[in-house]
Amino acid sequence: MNLNLREMAVPIIGVLLLAVALVIPNTMIAYGISLLLAIAALFRPKQAILFLLIYFPLRSFLIELSPGLKLVGDLIIVFAFLRVLWDSRKDLKSIFRFELFEWAFIAFIVMGTVSAFLSGVVLTAIIFQIRAFVIMFLLLYIVKRLDITKRDIMNFLAVTLFVTVVLIIQGLVEKLSARSLLMPDQWVNRQLSKNNASRIYGLVNNPNVFAVYLTISGILIYYLKTLLPKTKLQWVLNIVLVVLAGTWILTYSRGTWIAFIIGIVIYFLFTRNWKFVLKSGIAVALGFILITVPITKAASWISSNTEIGEIVRTGTPEPGETFAIESTRIKETFQSDTFEKSKTTGRLFIVYKGLEIFKDYPVIGTGFGTFGDSASKVYSSPYYSQYDVRFNIYSDNQYIQVITQNGAVGVLLFAVFLLGMLAVFWMRRKQSDKAIPMLALLISVYWCGFIYNIWEDKTFTMYFYILTAVFLAYTSKKTTRLQ
């Protein structure tokens, strides 16, 4: 795997600049670095997108130490978008060339915005939510119009491998140190509930997002392995995949586990590729035996026999006990009291409230920033007091959010968006052997929509839209990309 450092100039310089921002956490310096990287995206958009593969998985960690870095990713995407528009100036029709599912998504955004204005949502909240949905969607637009080569794909996979290794190392240290090392003090002092204390949060600061990231990166690392000659590097990648699988289990992200199984089943049904399924199962089994179990036992021993076990968390505690036995989280999935709690304060409560609001606003809903999305969590909602909903809920269910905020019309548009992508993958399956993996990934994401606000998760959407864009470019009859 020979890497050309010139092709990695922006990612390498970007990492050095991020290090400066962390060592000298000055807001003006962070803003200056953000602007420099945005300008780099104008001249080297493909390299800037590679840098995003580093930035977004680490974003929570970076902005915790240097809040001024919050806009780096957004600025890079916007400036890369402007570069694509500039390059298309001689073919204006190409600027407005979209697939059906893209038009549906655009219409969905417009309708949710109009509905929000009618509901009296403040402008800043509306913009906040539009950004949550749209900023990564722009990557689909950008990458599809860039001249992506096989070399670019190798660089993409190499950066993913590098970031994954960093995240895994930090995650295992986090587990062994009882969340006391290799993370900001604010995270060290955070008191977690008994359901979350045993989980690895990683530098993404969320076990579910971390699990989704590891799932995607694991698939991409496996793909990288198939592209390389049979050398010692193959064994290195095998070791990485086993450690990744063990770390993935330690996130205890039940929803992601189910999504992975769904994806594997769909992929097998269409391809009958039992070797990939078998290798995946072996990697997970070895990860459990060689990583999950030893790390869990070592963490327990360290906590009981060192000063780490005496760390006092000074942050505001989450509800419930502080520490938990790992197996408890899995068992609780099937217990009746878990279901009852969900109906009164958890996911089912949110679904019931969402449907209650939908009954009153069935056509176009209440609009962005009104129920369970990123904007309503930050700015609250004009409807919460009326329907007895507490301030900072997050729906953790993309579909009830869409139903409530966008009504029947929005549901139809969102369905065209989701099913339109599925149709594209299916119709182009004879043009590329990547169609079925993309189809399987998308169907597994359909499941994730029931348990996460998955289409607002920047780490997932970054990868998904980039992969979709490359697929569309490769299978387009009007392109010679990747040749």
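Please compute the per residue accessible area over the chain with all protein chains in place, 1.4 Å probe, rounded to a whole number of Å².
47
Calculate, in nm to one decimal, what residue 411 and residue 232 gain on full extension: separation in residues at 0.36 nm each, minus their alpha carbon distance.
Here the segment from residue 411 to residue 232 would lengthen by 59.4 nm.
Amide H of residue 396 versus every other amide H placed in the peptide plane: which residues, excluding those fewer than 5 positions away on the same chain, fall under 5 Å?
453
What is the list of residues in segment 388-417 whose amide nitrogen lies under 20 Å from a point 7 angstrom out from the Cα of residue 352, following Cα to Cβ?
Output list for this probe position: 388-405.
Give the dimensionless ratio obtained when the Cα radius of gyration of segment 1-75 is divided by 2.2 N^0.38 Å.
1.04
Quick one: of 275/430; 225/275; 46/144; 225/279, which pairs are farther than 18 Å apart, Cα to Cα?
Those over the limit are 275/430.
Measure of size requested: the Rg and Dmax of the chain, with Cα atoms as the atom set and Å as the unit; please supply both.
Calculated on Cα positions, Rg and Dmax stand at 22.4, 69 Å.
Working with all protein chains in place, sort 141, 361 by solvent-accessible area computed with a 1.4 Å probe, largest first.
361, 141
Taking the Cβ of residue 157 as the center, what net charge do the other residues with Cβ under 12 Å away carry, scoring Lys and Arg +1 and Asp and Glu -1?
Within the 12 Å Cβ shell, the charges total +2.
Once the Cβ-Cβ distance between residue 166 and residue 239 is put in as r, and R0 is 22 Å, what FRET efficiency do you end up with, to the nearest 0.05?
Calculated transfer efficiency: 0.90.
All other residues with a Cβ under 11 Å from the Cβ of residue 439 taken together, and with Lys, Arg as +1 and Asp, Glu as -1, what is their net charge?
With Lys, Arg at +1 and Asp, Glu at -1, the net is +3.
To the nearest 20 debye, what charge dipole does the chain have about its Cα centre, counting +1 at the Cβ of each Lys and Arg and -1 at the Cβ of each Asp and Glu?
Rounded to the nearest 20 debye, it is 1740 debye.
Using amide H atoms built in the peptide plane, which far-off residues or other-chain residues are under 5 Å from residue 365 H to H?
Amide H neighbours of residue 365: 407, 408.
How large a share of the accessible area of the chain, in percent, is made up of carbon and sulfur atoms when the probe is 1.4 Å and the other protein chains stay in place?
68
The values are calculated or read from the model by the stated rules, or taken from the named source; none is laboratory data. Because the structure is predicted, anything quoted here is derived from the model rather than measured. Neighbour counts are summed over all protein chains in view; Cβ atoms, including those assigned to glycine, are modelled from backbone coordinates with ideal geometry. Side chains included, ligands, DNA and RNA excluded: accessible areas come from the protein's heavy atoms. Shrake-Rupley method; radii C 1.70, N 1.55, O 1.52, S 1.80 Å.
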